[in-house]
1. For n ≥ 4 DSSP H runs only, could you compute -39500 (n - 2.57) per run for the chain, divide by its residues and tell me the 222 nm figure to the nearest 500?
2. Can you classify region 181-292 as rounded, prolate or oblate using the Cα gyration tensor, where a ≥ b ≥ c are the square roots of its eigenvalues, rounded means a/c under 1.5, and otherwise it's prolate if a/b beats b/c and oblate if not?
3. Quick check on packing: order 158-167, 318-327, 78-87 by the mean number of other C-beta atoms within 10 Å, highest mean leading.
4. Considering the Cα trace of region 1-144, what is its radius of gyration and what is Dmax, both in angstroms?
5. Suppose we keep just the DSSP beta bridges with both residues in the chain; what percent of those would be antiparallel, to 5?
6. Which of the peptides 49-57, 279-287 is most tightly packed, and how do the rest follow, going by the mean number of other Cβ atoms within 10 Å of each residue?
7. Tell me, how many Å apart are the Cα centres for region 77-102 and for region 269-345?
8. Arranged from highest to lowest average of other beta-carbon atoms within 10 Å per residue, in what order do the peptides 267-273, 254-260, 186-192, 91-97 appear?
Ligand code: C2O
């Protein structure tokens, strides 16, 4: 059976990590409505590469995030509540509905990962667009798979901006001691020259997207059905690397729980999270263009798995994976940029 959405009325404190400290990230709850695809007449929202945006875009984006941060705590669209969506779905705040003994709901480490995050961004973006009254507003994506995107995008690194988050690894900021993105970063990695770092990143991308992801389960991760406890080794190629490595790379490792980006409970507090996931989502679309058999699952236990999100009108919406597969139907697209890793060989 497919994974069921949580019962929000039974949300309980989330666990930050091994030491057992908890965080309260439960959302308000209300009646649900079923998700409907946006009208095909809605304008496409074309997500730009974060390192290529202009001043007018930055102003608009900053304004939208400021307005979201200014919403009161009882508004499910507030930045705080939106960040907590991730905490609640990832750090054990929900038990799977109807399963005894209880099994935590976890949307990482399996085939659930890509569609969950696609919907998360979809609603986050529509809330921002509504706050600035711009139906074309689109989040930027962090183009870490290109040589020009190999740093934290500058728009997130200005301490005066609402896009800034003070809780990051200082050495990995632009201008820090090792600012170049290392897509398979491990904590002891040495700094490379930009050229050598790019070669390494290109190989990582090729492995994770092309040579190492020829089958669905390799790319998406292992199946997770109702009652299954997510297995930390079930993740697909891209979820593990670079997605996971970059979370840890951005977070502050001197903190016990590696906030913000380095822990699932706090990652959504960093505006960079949504930009990082823009590129992750873009990789799902790209993967499907890379060769035969690179198609979505057809198993109803995947297609009918469902989640709950608040939309731009504060309505709680029940969304099934089956409605998330085609970004164009969601009126979402990505700025086209060069893809330089397709032919790399290790
Ligand atoms: Cu839900 Cu990047 O993690």
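Bear in mind these aren't lab numbers, they're just calculated from the coordinates by the rules spelled out. Because the structure is predicted, anything quoted here is derived from the model rather than measured. Reconstructed Cβ throughout: ideal geometry from the backbone, glycine too, with neighbour counts over all protein chains shown.
1. -8000 deg cm²/dmol
2. It comes out oblate by the Cα gyration axes.
3. The densest-packed peptide leads the list: 78-87, 318-327, 158-167.
4. Using the Cα atoms of region 1-144, the pair Rg, Dmax is 17.1, 53 Å.
5. If I count the DSSP bridges inside the chain, around 55 percent turn out antiparallel.
6. 279-287, 49-57
7. Spelled out, the Cα-based centre of one part sits 20 Å from the other.
8. Most protected by this proxy first, the peptides run 267-273, 91-97, 254-260, 186-192.
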